[in-house]
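Accompanying notes for the structure given below.
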C-alpha cells in the first residue's frame, strides 16, 4: 500500500462519517422514489411464493393493524437500497482507495460497476432460481389438515434476508480480486483453506436459510462455486503481478548495464 499521503485516525473517522452520510442520503432518495411503487414492488416480490401455494390459498395475511403499512415501508427501503447500491459501492471504494498506489486507484470505476452488477445479480439469482424451488418444497407440507397462511411480515423478513445475503455473497470474487491486487491474498492461501471454506459455506447457509437440506444446499453450493471462481481470479492476478515484477526487474537490470558501460 502507498506510504505517501497518510491520514491521521481522526481524519479517517471524519472521512467514514462523510461517506456514510452520502450513502444514507442515496438510500433515502431511493426510498422515496420506490415508495410511489411500493404495492407493485411487493406484488413482484410475493410472486415466487404465490405461485407455489395451493390453489385457493394464494394470499398472504397480516395480523397487526399497522403491519401492512410497515411492510410497504420496509419494501421501499430495500428497493431504495438496491437502487442506491452504485452510490454505496462508490463511497466504499473511495474510502479504501487512499491506501492504494496510484496505478491501483484506476480500478475504482470497474469496482463500482462490477460490485453493483454482482450485488443485483446475486439477488436476482436468489429470486429467480432459489425462491421458486425453496417455496415449492416448503409449501409441499401443506395438506388437508395443515393450511399455509404465511404473513406478509414473516415473508418479507425471510425474503429480504435471502436477497441481501445472495447479493453480498456474489461479491466474493470481486473482494478476492481486490485483496489480491493489494497483495493481501494469494491463490495458494485459498487452496489451503478450501476445507474450511466448505464448512463455513454450509454454516452460513444454515444460518440464513430455512432448516431444510434443500434450501441450505441451494445457498451453500453457489458460495462454493464463487469460492472456486475467486481462486481462479486470484491466481490470474498473482500471475500477472509476478510477470510485471519480473519485467520491472529485467528493465532495471538492463538500465543498470547501460549505466555501467564506459
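Residue by residue, here is whether (1) surrounded by 15 or more Cβ atoms within 10 Å (Cβ to Cβ); (2) at pLDDT 95 or above; (3) under 25 Å from residue 132 (Cβ atoms) holds:
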| site | (1), (2), (3) |
| --- | --- |
| 153 | yes, no, yes |
| 164 | yes, no, yes |
| 187 | yes, no, no |
| 243 | no, no, no |
| 247 | no, no, no |
| 254 | no, no, no |
| 262 | no, no, no |
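Tell me, yes or no, whether the stretch 63-84 has at least one residue that is more than 21 Å from residue 181 (Cβ to Cβ), in contact with a strand residue (DSSP E or B) (Cβ under 7 Å, 6 or more places away or on another chain) and in the same structural domain as residue 153 (by TED's automatic domain parsing). Yes. Out of 5, 56, 64, report the one residue that is at pLDDT below 95, part of a loop (DSSP other than H, G, I, E, B) and in contact with a helix residue (DSSP H, G or I) (Cβ under 7 Å, 6 or more places away or on another chain). Every option except 5 fails the conditions. The residue list 134, 148 contains one member that is surrounded by 14 or more Cβ atoms within 10 Å (Cβ to Cβ), under 16 Å from residue 209 (Cβ atoms) and either in contact with a strand residue (DSSP E or B) (Cβ under 7 Å, 6 or more places away or on another chain) or in the same structural domain as residue 89 (by TED's automatic domain parsing) (or both), which is 134. Exactly one residue among 12, 36 is more than 23 Å from the chain's Cα centre (by Cα) and at pLDDT 90 or above, and that residue is 36. Which one of 69, 111 is modelled with pLDDT of 90 or more and either farther than 23 Å from residue 166 by Cβ or surrounded by 14 or more Cβ atoms within 10 Å (Cβ to Cβ) (or both)? Checking each option against the conditions leaves just 69. Of the numbered criteria (1) in contact (Cβ under 8 Å) with a residue 24 or more places away in the chain; (2) within 23 Å of the chain's Cα centre (by Cα); (3) crowded, with 19+ Cβ neighbours inside 10 Å, the one residue 90 fails is (1).
The values are calculated or read from the model by the stated rules, or taken from the named source; none is laboratory data. Because the structure is predicted, anything quoted here is derived from the model rather than measured. A quick note on method: Cβ atoms are made from the backbone with ideal geometry, for glycine too, and the neighbour counts reach across all protein chains shown.
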